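Quick notes on the structure that follows.
Read-outs throughout are calculated quantities, based only on the coordinates presented, and are distinct from any laboratory measurement. The structure displayed is predicted, hence computed values, not measured ones. Methodologically, a virtual Cβ is constructed for each residue, glycine included, from the backbone with ideal geometry; neighbour enumeration extends over all protein chains shown.
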Amino acid sequence: MSSKELTEGRLREALERLLNGTPRNVKAKGKLTLNKVNNEAKLGNSYVHKFPEFVAYAKPLIDEYNQNRDKAMTKGLDVEISGVELDQVDKLKAQLKKALELKERYRLERDNAVEARQQLEHKYSELMFHAHELQEDLNNRSNIVMHLKK
């Protein structure tokens, strides 16, 4: 077996470990990249790019892994999505993002409710004023009728 085949085997094993969430040489946090695979295989800087067949094989797998990871982060889920399990830091980031989104939604709902209440209070004040005017008009007419009867 040639050294090129051995190195490509190391890259494939490193990719599998990273996809499974069990890396030995790098942290399991953040997005998966070719350089992360390179570092997991303990190769020199950007050595992975000397293997175009491996890059062509790994790129779609890495992209799919990162998309699934992004979906999990967006939804703030603790569960595994298509083989992607978030590490503790990413789980906490997802929970924080979800909490901030909820706070923003509740803040908007509160502001809308306050605005609706103010509009209702204004309309109620207008109606009460109009009712008062009608009552005054009715009192004036009944006074006129009383004067005419005398």
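Going by a ≥ b ≥ c, the root eigenvalues of the Cα gyration tensor, does the chain fall in the rounded group (a/c under 1.5), the prolate group (a/b larger than b/c) or the oblate group? Kindly include the intermediate steps, with their values, before the conclusion.
On the way: a/c = 7.80, a/b = 6.09, b/c = 1.28.
It comes out prolate by the Cα gyration axes.
For the chain, with the dipole built from +1 on Lys and Arg beta-carbon atoms and -1 on Asp and Glu ones, taken about the Cα centre, which of S142, T22, A113 lies farthest toward the positive end?
Of the options given, the answer is T22.
Can you show me the helix-derived [θ] at 222 nm for the chain, built from DSSP H runs with n ≥ 4 at -39,500 (n - 2.57) apiece and divided by the number of residues, rounded to the nearest 500.
-26500 deg cm²/dmol
What is the magnitude of the charge dipole of the chain about its Cα centre, with +1 placed on the Cβ of each Lys and Arg, -1 on the Cβ of each Asp and Glu, and no other charges, expressed in debye to the nearest 20? Walk me through the numbers before you get to the answer.
Numbers: 28 positive and 24 negative charges, 79 e Å.
Around 380 debye, computed over the chain.
With axes computed from alpha carbons, what is the tilt in degrees of helix 88-149 against the longest principal axis of the chain, rounded to the nearest 10 within 0 to 90?
The answer is roughly 10 degrees.
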